[in-house]
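Report on the structure given below.
The values are calculated or read from the model by the stated rules, or taken from the named source; none is laboratory data. Just so it is clear, the model here is predicted, and its values are computed rather than measured. Note that each Cβ is placed from the backbone with ideal geometry, even for glycine, and that neighbours are counted across all protein chains shown.
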Amino acid sequence: MTGHEATHTVTVQPSGRTFEVRQDETILAAAIRQGVGLPYGCKDGACGSCKCLRVSGEVRLREHLGGALSPDEEARGLVLACSAVPLGDVVLESDQVSAADSFPVRKLPVRVARLERATDDVMLARMALPAGDAFGYRAGQYVDFLLRDGSRRSYSMASAPHTQAAQPGLELHIRHTPGGRFTDHVFGAMKEKDILRIEGPFGSFHLREDSEKPLVLLASGTGFAPIKALIEHLQHLGSHRPAVFYWGGRRPRDLYMDAWVRQRVAEMPTLRYVPVVSDALAEDGWSGRSGFVHQAVLDDFADLSGHQVYACGAPVVVNAARKSYVAERGLPEAEFFADAFLTEADKHPAGSPP
């Protein structure tokens, strides 16, 4: 980069914070690079967490999923910061995430300390940090694995930061995507003591501790990982906020840490647990709730106007939850916090360019 490279200025209201965006750089990438706390989740145009209002100026939107930003929302001036490239100076309206308690994004090596199969297609992986290193993050955030070809794979920390004191390292839950370059390696060739590189922490999915609102926690599959970290954090805080955790899987075995959740419920008087299975077979002997996990919340709550919702999992689940809870149950959109879990196939649907 030369010192004369053209940049555009982005101003965020109501905070008044300004920052510079390089040519062909997205607004979110520039914000992360300069430590500006815009809300975001996937960084890939799929989860909608970085949605904000364009007050003035023009942007070019890169490819994104319709569930994250609909044509109607686009027509109303909403943009995704992770997909928006400014064509000039831009003013946005967005709630800034407080810089307090934020942690610097770092690159560092990690060593595979333990690999444990929770199910046929879920691996619990513990990564050891360099000796004496403390990796700061907030419960709910994620790291990117940096692959040799320059691509990245994102995984949430499945343990709360305070657990580092007794057991340093990062716990990750990795689902096998057959044919997936990284997960095929994890399930086929990766072994203990292998060295990998990570970058993080990323994401604005974390508990808003300044609120006393009751919580609905929602996860599908390995979307449980960051929710597990949130539950550990709530327990560590001694929180009295009522919380109900809905965990959805196709089969009962997909709720791969069911016993762990039930133990937390036994220890935390304000936590309830609702496991939901969509495709149970007769051999499963399932007698619990069935159907789609986001629908179970709709069935149980006539009014969500006084709640906060934290949702994690497949984009189809997260986006359906966001839409129906806001439109049908009165949840303020600003009280819906999400982290959509994406495979490479999710990011590049059939027929779209890789």
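Residue pairs whose Cβ atoms lie under 7 Å apart, separated by 6 or more positions or on different chains, with the first residue in region 285-311 and in the same structural domain as Tyr246 (by TED's automatic domain parsing) and the second of a type in the set (Lys, Arg) and at pLDDT below 95, are Gln308/Arg208.
Among the residues of region 326-346, those that are touching a strand residue (DSSP E or B) at 6+ places or on another chain (Cβ under 8 Å) and without any contact (Cβ under 8 Å) to a residue 60 or more places away in the chain comprise Val326, Leu331, Phe336.
The condition (being crowded, with 21+ Cβ neighbours inside 10 Å, touching a residue at least 24 places away in the same chain (Cβ under 8 Å) and among the charged types (D, E, K, R)) is satisfied by just one residue among Lys51, Lys43: Lys43. Figure legend. Inter-residue proximity from region 104-122: first residues farther than 18 Å from Glu171 by Cβ, second residues of a type in the set (Asp, Glu) and assigned to a strand (DSSP E or B), beta-carbon distance below 8 Å, spacing 6+ or different chains. Indicated pairs: Val105/Glu199; Arg106/Glu199; Lys107/Glu199.
Residue count for region 161-195 satisfying the condition of being assigned to a strand (DSSP E or B) and within 19 Å of the chain's Cα centre (by Cα): 6. Among residues of region 287-331 being of a type in the set (Phe, Trp, Tyr) and buried (at least 22 other Cβ atoms within 10 Å of the Cβ), the one that is farthest from Ser211 (Cα to Cα) is Tyr325. Take the conditions among the charged types (D, E, K, R) and either closer than 20 Å to Ala321 by Cα or free of Cβ contacts under 8 Å to residues at least 24 places away in the same chain (or both) and apply them to Glu63. Does it pass? Answer is no for this residue.
State all residues of region 166-194 that are basic (Lys, Arg), over 17 Å from Ala113 (Cβ atoms) and surrounded by fewer than 20 Cβ atoms within 10 Å (Cβ to Cβ); if no residue qualifies, say none.
Once the filter is applied, which keeps residues that are basic (Lys, Arg), over 17 Å from Ala113 (Cβ atoms) and surrounded by fewer than 20 Cβ atoms within 10 Å (Cβ to Cβ), region 166-194 yields only Arg181.
The number of residues in region 307-332 that are at pLDDT 95 or above and on the phi > 0 side of the Ramachandran plot comes to 1.
Taking residues in region 167-188 that are acidic (Asp, Glu), and partners anywhere that are part of a loop (DSSP other than H, G, I, E, B), the pairs with Cβ atoms closer than 6 Å and at least 6 places apart or on different chains are Glu171/Ala158; Glu171/Ser159.
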